[in-house]
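Engineer: Take a look at the following structure, please.
The values are calculated or read from the model by the stated rules, or taken from the named source; none is laboratory data. Just so it is clear, the structure is predicted and the values come from calculations on it, not from any experiment. Cβ: placed from backbone, ideal geometry, glycine included. Neighbour counts: every protein chain shown.
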Amino acid sequence: MILPYRKLLTSAALVLLPLTSVQAQSADPRAPWVQCEADELAREIMPATPNLSPPDELPIQAEAERAESSPVQSTLEGKVSLSRGDQRLRAERITLDRVANRAKAEHGFTYSDPQQALRGQQAEVDLNAETGAFQDADYYLPQRNAQGSAKEIQVDRNKQHSRLKDASYSTCARGKEMWKLRADEINLNEAEGRGAAHDIVLEFKDTPVFYFPYLSFPITDARQSGFLFPRQGYGSETGFDLTVPYYWNIAPDQDMTIAPRLMTERGVLLGVEYRYLTPNRRGQIGVEYIPDDRRYEGARGSFNLADRAAPLPNFYTDLRYEYVSDDSYIKDLSNNLEFLTPNYLERHLDARYYGEGWQALARVQGFQILNTALFTLTGNPYERLPQLLFSGAWPSGSGGLSYQLYGELVNFQQSDDVVTGVRLDLWPTVGWTLEQPWGYLKPQAGMRYTDYQLDNTAPDANDQPSRSTPVLSLDSGLIFDRPLQADWLGLAAGTQTLEPRLFYLYVPYRNQDDIPIFDSSVMDRDIDWLFRKNRFTGADRMGDANQLTAALTTRLLDGPSGRERLRASVGQIQYFEDRRVNLSPIEPPQTADNSGLIAQGLVNLSSRWAVQGGVQMEPDSSDVQRTAFDLRYYVDSRQLINLSYLLDRDPQGLTSQGDQIHSVDVSLAWPLATQWRVMARWNQAINVSRNLETLAGLEYEDCCWAVRAVARQYRDSPQETDAQTGFYLELELKGLSRLGSSLENQLKSSILGYQPIRY
């Protein structure tokens, strides 16, 4: 008897969905609101019955203490239960009009199925017309742990339409609602997946906080057009900041978000984002425009395009284009908590093909420079118009021989009056590998040939330089292991390894002073650097080498799990000849006899403590050139501490000679009580005594709502004297939406390991 009304009653209960449109919450058991105590109607939920027959084929089962029946009417009294399939209607009295097939329950009823439970004063169901009317009804949705009530619910299954009057919705426990959504009237059309509501009020702790005279909204998890909840915040650059986005579901594979943004210190900015998705392609287009920035005194805007496609098997394309009207646009008008403003924006189009053991890439690449000071010494990066890359590796089968080939053809262009040109780089190699459980031996020989066709050279300069360099290497290592004899680091049963490694590299000197620097720089030093075949990035320089690397690694492995509890490595390069190849012809040869010691280590002290770090010593001295240290204490996402220290006396890519990085970074999330937590981050540039970022936040989280407040002071670089400030507030109504700034994702990126409390 009740089955025809399942969908309609579900619709009546889905008043919660108005403002969730794009990011509708799922019934995932990990969803935060399901941690709330179960509603009193939860026990009424019927278990799901798969493979049910059509409604008109199912029998109606009735239980009652008393029954009176005539040809036109039946009256059931005393703990009456009517059920059909997995639907059930219970009441003390149910009257059935046998001619019109109308059932009426008075003086209280309970309706339930697997999707919801209803309890109210009066229910009237027309089985023929598939309509129903319910008075003074409470409802419960187990999939979302949501509950609410309505003065009147009218449903029409044939038209897939329902109407609710004086309705409410909340994911909080009934009678303990911290927030509640109310509406005078709600009309739901399941055929269209749309709803309309009149006179909507959002209450927080019984206090109205938002009023909407009319809203059109989705009532399913499917993407539907409608307004999203506004986002607001405050920043020293923008003032009070309010964004009211509108989501437009254009088609199943297309949508658009239109987001007007009001900034009291700047003006009104209009943002539009268009997205598309097909079986073989996805992408988005974003545009922002402010016609009159009051602080900037003019119009400003941005444009970005991202497109990825797989038009053919093993063939992929990637298009990225970014543009801003001025260098300060992102710094001034970005509405997130990202720490650093980018130094440049990249534009590229890649076409990549993967074969069996090889791959090829065709690329065009350009840049918009935002931080010109960064490239004062090195010059702006070159555009690649185009770049063709090929790499492949082929084993010969038995015998351990293998062959590799790397090739590149690239046209470097630059808007400035500098040297440009085309570079061809080919690097074939042949190698042999002997691998055993106790060790390995890997000799390899190759020939690197690089040729240039240059423009804008000096009158007496060589415009067709080339370089041909043999590259010989021998990599070898031994692996010793033993069972652990002592209970150290909690390892009663485990294995310790000792792994010595020798790596010899020979590259004869070639004069490369007439070759320009298009994309080469000195490679950053770490343990892996000790085994690189070239100390430079890019192909413009091939470092000469006659050197032997000696390194030693030890590991402690947990016996049952195989987890690495400790890893420590130390290594050094011994040079047999001076290094004559440098980035600049005026640089003197490197004469140190060794590279200085380089050490790195990782220790998992326990399930909660972990530390890792590295040290690089100066060649021929004991002075520290670079050191990095990271300490982490992690109980769970509620309780953690991160501590990082970095000293680099000669970093690459800074604005002036002699610059250094010397910084400390501390972040934490720490519970003050069961539902309260403090978040903080402090990032200090020690060498200039300047805070790069100070962040302090407070969070309260309950099962159905949360509030987060964050204050932040920051600089984009140590060179900036004036700091920017911002204050951000977010109210999360779980199962509905968020009001304010979107802080959760930003806190995750700022504080390693941060997660909402999920009480």
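Engineer: Would you please name the residue that is surrounded by the fewest Cβ atoms within 10 Å (Cβ to Cβ), looking only at residues in segment 363-411 that are under 13 Å from residue 430 (Cα atoms) and of a type in the set (S, T, N, Q)?
Structural biologist: Selected residue: 396.
Engineer: Check whether at least one residue in segment 542-552 is free of Cβ contacts under 8 Å to residues at least 60 places away in the same chain and under 30 Å from residue 493 (Cβ atoms), and report yes or no.
Structural biologist: Scanning segment 542-552, I find at least one residue that is free of Cβ contacts under 8 Å to residues at least 60 places away in the same chain and under 30 Å from residue 493 (Cβ atoms), so the answer is yes.
Engineer: Also, I was wondering about something else. So how many residues does segment 255-269 have that are more than 25 Å from the chain's Cα centre (by Cα) and among the hydrophobic types (A, V, I, L, M, F, W, C)?
Structural biologist: 4
Engineer: A follow-up question, please. Checking the structure you have, find out if any residue of segment 668-679 is among the charged types (D, E, K, R), modelled with pLDDT of 90 or more and in contact with a Gly (Cβ under 9 Å, 6 or more places away or on another chain). Write out each step before concluding.
Structural biologist: At the first step, the residues of segment 668-679 found to be among the charged types (D, E, K, R) are 677.
Right, trim to modelled with pLDDT of 90 or more and you get 677.
Keeping just the survivors that are in contact with a Gly (Cβ under 9 Å, 6 or more places away or on another chain) gives 677.
Taking every residue of segment 668-679 in turn, at least one turns out to be among the charged types (D, E, K, R), modelled with pLDDT of 90 or more and in contact with a Gly (Cβ under 9 Å, 6 or more places away or on another chain).
Engineer: Go through 81, 53 for me and flag whichever is surrounded by fewer than 18 Cβ atoms within 10 Å (Cβ to Cβ), out of contact with any helix residue (DSSP H, G or I) (no Cβ under 8 Å at 6 or more places or on another chain) and under 23 Å from residue 160 (Cβ atoms). Break it down stepwise before answering.
Structural biologist: On the way: 81 fails: under 23 Å from residue 160 (Cβ atoms).
Exactly one residue qualifies, and that residue is 53.
Engineer: Does segment 327-341 include one or more residues that are out of contact with any helix residue (DSSP H, G or I) (no Cβ under 6 Å at 6 or more places or on another chain) and β-branched (Val, Ile, Thr)?
Structural biologist: Yes, the conditions are met somewhere in segment 327-341.
Engineer: Under 7 Å between Cβ atoms, which residue pairs at least 6 apart in sequence (or on different chains) link something in segment 254-275 that is farther than 22 Å from residue 306 by Cα with a partner that is assigned to a strand (DSSP E or B) and polar (S, T, N, Q)?
Structural biologist: 261/243
Engineer: Now for a different question. Output the residue which, of all residues in segment 225-262 that are small (Gly, Ala, Ser) and outside any loop (DSSP other than H, G, I, E, B), is surrounded by the fewest Cβ atoms within 10 Å (Cβ to Cβ). Please lay out each step first, then the result.
Structural biologist: Filtering segment 225-262 for residues small (Gly, Ala, Ser) gives 225-226, 233, 235-236, 239, 251, 259.
So of that shortlist, the ones also outside any loop (DSSP other than H, G, I, E, B) come out as 226, 233, 235, 239, 251, 259.
Working: 226: 21, 233: 24, 235: 21, 239: 15, 251: 8, 259: 19.
My answer is 251.
Engineer: If you don't mind, there's one more thing I want to ask. Determine whether segment 344-355 contains at least one residue that is part of a strand (DSSP E or B), out of contact with any Cys (no Cβ under 9 Å at 6 or more places or on another chain) and free of Cβ contacts under 8 Å to residues at least 24 places away in the same chain.
Structural biologist: First, the residues of segment 344-355 that are part of a strand (DSSP E or B): 344-354.
Next, from what is left, pick out any that are out of contact with any Cys (no Cβ under 9 Å at 6 or more places or on another chain): 344-354.
Then drop every residue that is not free of Cβ contacts under 8 Å to residues at least 24 places away in the same chain, which leaves none.
No, that holds for no residue.
Engineer: Looking only at segment 135-159, filter to residues that are more than 19 Å from residue 114 (Cα to Cα) and touching a helix residue (DSSP H, G or I) at 6+ places or on another chain (Cβ under 8 Å); which one of those is surrounded by the fewest Cβ atoms within 10 Å (Cβ to Cβ)? Break it down into steps so the answer makes sense when it comes.
Structural biologist: Initial filter on segment 135-159 (more than 19 Å from residue 114 (Cα to Cα)): 135-136, 150-154, 156, 158-159.
When the remaining residues are screened for being touching a helix residue (DSSP H, G or I) at 6+ places or on another chain (Cβ under 8 Å), the result is 150, 153, 156.
On the way: 150: 27, 153: 28, 156: 16.
Checked segment 135-159; the qualifying residue surrounded by the fewest Cβ atoms within 10 Å (Cβ to Cβ) is 156.
Engineer: Please go through segment 91-112 and give me each residue that is more than 29 Å from residue 142 (Cα to Cα) and assigned to a strand (DSSP E or B), ordered by number. Step through it out loud before you land on a result.
Structural biologist: From segment 91-112, those more than 29 Å from residue 142 (Cα to Cα) are 95-101; that's our starting set.
95, 96, 97, listed by residue number.
Engineer: Have a look at 171, 131 and point out the one that is touching a helix residue (DSSP H, G or I) at 6+ places or on another chain (Cβ under 6 Å) and either hydroxyl-bearing (Ser, Thr, Tyr) or not assigned by TED's automatic domain parsing to the domain that holds residue 94 (or both).
Structural biologist: Details: 131 fails: touching a helix residue (DSSP H, G or I) at 6+ places or on another chain (Cβ under 6 Å).
Testing whether each residue is touching a helix residue (DSSP H, G or I) at 6+ places or on another chain (Cβ under 6 Å) and either hydroxyl-bearing (Ser, Thr, Tyr) or not assigned by TED's automatic domain parsing to the domain that holds residue 94 (or both) leaves just 171.
Engineer: Contact list please: Cβ distance under 9 Å, first residue in segment 67-92 and more than 24 Å from residue 41 (Cα to Cα) and in the same structural domain as residue 108 (by TED's automatic domain parsing), second residue modelled with pLDDT of 85 or more and of a type in the set (Phe, Trp, Tyr), pairs at least six apart or on different chains.
Structural biologist: Pairs found: none.
Engineer: For residues that are outside any strand (DSSP E or B) and modelled with pLDDT under 75, tally how many sit in segment 711-745.
Structural biologist: As a first pass, look at segment 711-745 and keep what is outside any strand (DSSP E or B): 715-723, 734-736, 741-745.
Restricting the remaining residues to those that are modelled with pLDDT under 75 gives 716-720, 735-736, 741-742, 745.
Result for segment 711-745: 10.
Engineer: Out of segment 34-56, which residues are under 16 Å from residue 703 (Cβ atoms), at pLDDT below 85 and assigned to a loop (DSSP other than H, G, I, E, B)?
Structural biologist: Matches in segment 34-56: 36, 37, 38.
Engineer: Give just the number: which of (1) modelled with pLDDT of 90 or more; (2) more than 23 Å from the chain's Cα centre (by Cα); (3) under 26 Å from residue 744 (Cα atoms); (4) crowded, with 17+ Cβ neighbours inside 10 Å does residue 615 not satisfy?
Structural biologist: For residue 615, the failing item is (3).
Engineer: If you go through segment 63-77 one residue at a time, do you hit one that is at pLDDT below 80 and either assigned to a helix (DSSP H, G or I) or in contact with a strand residue (DSSP E or B) (Cβ under 8 Å, 6 or more places away or on another chain) (or both)?
Structural biologist: No: segment 63-77 contains no residue that is at pLDDT below 80 and either assigned to a helix (DSSP H, G or I) or in contact with a strand residue (DSSP E or B) (Cβ under 8 Å, 6 or more places away or on another chain) (or both).
Engineer: Continuing with this model, one more query. I'm trying to understand the selection: among the residues of segment 156-176, which are under 27 Å from residue 704 (Cβ atoms), touching a residue at least 24 places away in the same chain (Cβ under 8 Å) and not small (Gly, Ala, Ser)?
Structural biologist: 163, 164, 169, 171, 172, 174
Engineer: Follow-up. In segment 686-698, is there at least one residue being part of a strand (DSSP E or B), at pLDDT below 85 and out of contact with any strand residue (DSSP E or B) (no Cβ under 7 Å at 6 or more places or on another chain)?
Structural biologist: yes
Engineer: Residue 464: modelled with pLDDT of 95 or more, over 41 Å from the mean Cα position of the chain (by Cα) and part of a loop (DSSP other than H, G, I, E, B), yes or no?
Structural biologist: Judged against the criteria, residue 464 is a match.
Engineer: Scan segment 113-146 for residues that are outside any strand (DSSP E or B) and of a type in the set (Asp, Glu) and jot them down. Full working, then the answer.
Structural biologist: First, the residues of segment 113-146 that are outside any strand (DSSP E or B): 113-116, 121, 127-130, 142-145.
Within segment 113-146, 113, 130 meet the criteria.
Engineer: Next question, about the same structure. Six or more apart or on different chains, Cβ atoms under 8 Å: show the pairs whose first residue is in segment 595-609 and more than 20 Å from residue 632 (Cα to Cα) and at pLDDT below 95 and whose second is of a type in the set (S, T, N, Q) and in a loop (DSSP other than H, G, I, E, B).
Structural biologist: 596/621
Engineer: What do you reckon, is residue 326 under 27 Å from residue 258 (Cβ atoms) and modelled with pLDDT under 95?
Structural biologist: On the way: under 27 Å from residue 258 (Cβ atoms): yes; modelled with pLDDT under 95: yes.
Judged against the criteria, residue 326 is a match.
Engineer: Would you say residue 289 is farther than 30 Å from residue 313 by Cα, touching a Gly at 6+ places or on another chain (Cβ under 7 Å), in contact (Cβ under 8 Å) with a residue 12 or more places away in the chain and of a type in the set (Ser, Thr, Tyr)? Explain how you work it out, then say what you get.
Structural biologist: Working: farther than 30 Å from residue 313 by Cα: yes; touching a Gly at 6+ places or on another chain (Cβ under 7 Å): yes; in contact (Cβ under 8 Å) with a residue 12 or more places away in the chain: yes; of a type in the set (Ser, Thr, Tyr): yes.
So residue 289 passes the test.
Engineer: Let me ask something additional. Among (1) modelled with pLDDT of 90 or more; (2) assigned to a loop (DSSP other than H, G, I, E, B); (3) farther than 30 Å from residue 714 by Cα, where does residue 265 come up short?
Structural biologist: In the conditions (1) modelled with pLDDT of 90 or more; (2) assigned to a loop (DSSP other than H, G, I, E, B); (3) farther than 30 Å from residue 714 by Cα, residue 265 misses (3) alone.
Engineer: Looking at 558, 528, 513, can you tell me which residue is closer than 25 Å to residue 428 by Cα, modelled with pLDDT under 95 and within 39 Å of the chain's Cα centre (by Cα)? I'd like the intermediate steps shown before the answer.
Structural biologist: Details: 558 fails: closer than 25 Å to residue 428 by Cα; 513 fails: within 39 Å of the chain's Cα centre (by Cα).
Sole residue among the options that is closer than 25 Å to residue 428 by Cα, modelled with pLDDT under 95 and within 39 Å of the chain's Cα centre (by Cα): 528.
Engineer: Pick from segment 421-460 the residues that are polar (S, T, N, Q) and at pLDDT below 95: which of them is surrounded by the most Cβ atoms within 10 Å (Cβ to Cβ)? So that I can check it myself, show each step before the final result.
Structural biologist: Of segment 421-460, the ones polar (S, T, N, Q) are 429, 433, 436, 444, 450, 453, 456-457.
Okay, now just the ones that are also at pLDDT below 95, so 433, 436, 456-457.
Values: 433: 15, 436: 9, 456: 14, 457: 17.
Among them, the one singled out is 457.
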